Structures are given as C-alpha cells and as structure tokens.
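Chemist: Let me give you the structure first, and then I'll get to my questions.
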Amino acid sequence: MIKTTLKIEGMKCKMCEAHVNDMIKQSFDVKKVRSSAKDGETVVVSEKALDAEKLGSQIEELGFKLVSVSSEG
C-alpha cells in the first residue's frame, strides 16, 4: 500500500473536505481518503501511485490549490 499526503490550500470547512474526498474516490482507485481543512492536507491510501498532475488539475477545478505531494510505501 502507498500512503500519499497532499498539502492543499483553500479548504476551509467539512464541505470542502467532502468535495476533495469525493473527487478523489471517483477519479482514482483508492482504499481510503481522509481530508483535514484545519491541517490543509488530504491523506490517501492506494495500491498504486497516484498521478500527481491529474490530482493537481482536478483539485484546482474544485477551487483549491495543490501545494505538494509526498508518498511513502
């Protein structure tokens, strides 16, 4: 399993977290997604590495900014 941490600017509330989580679940094959507006990050667990470029463009479509992507595992 790969744990990917996304630093995202612009999430302000639970609805923001839900929009990001739903988009990731619909667009990528993931096992688990958890977002925190307070921490400005989303943690994704998946079997394969995520396409950072696709993530960035889809996050921007939601009105947020992907600042960084780091993966482990």
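Computed from the coordinates by the stated procedures, all read-outs in this text should not be read as laboratory data. Only a predicted model underlies this, so the values are computations on that prediction, with no experimental measurement involved. Here the Cβ positions follow ideal geometry from the backbone for every residue, glycine too, while neighbour counts run over all protein chains shown.
Chemist: Could you say which residue among 46, 68, 35, 57 is surrounded by 15 or more Cβ atoms within 10 Å (Cβ to Cβ), of a type in the set (Ser, Thr, Tyr) and closer than 18 Å to residue 10 by Cα? Break it down into steps so the answer makes sense when it comes.
Modeler: Values: 46 fails: closer than 18 Å to residue 10 by Cα; 68 fails: surrounded by 15 or more Cβ atoms within 10 Å (Cβ to Cβ); 57 fails: surrounded by 15 or more Cβ atoms within 10 Å (Cβ to Cβ).
None of the others qualify; the one that does is 35.
Chemist: Next question. Kindly list, by first and then second residue, each pair from a residue in the stretch 2-18 that is in contact (Cβ under 8 Å) with a residue 40 or more places away in the chain to a residue that is surrounded by 13 or more Cβ atoms within 10 Å (Cβ to Cβ) and in a helix (DSSP H, G or I), limited to pairs with Cβ atoms under 7 Å and residues at least 6 apart or on different chains.
Modeler: Filtered contacts from the stretch 2-18: 6/55; 8/20; 8/59; 11/17; 11/20.
Chemist: Are any of the residues in the stretch 10-22 surrounded by fewer than 12 Cβ atoms within 10 Å (Cβ to Cβ) and either among the hydroxyl-bearing types (Ser, Thr, Tyr) or within 10 Å of the chain's Cα centre (by Cα) (or both)?
Modeler: no
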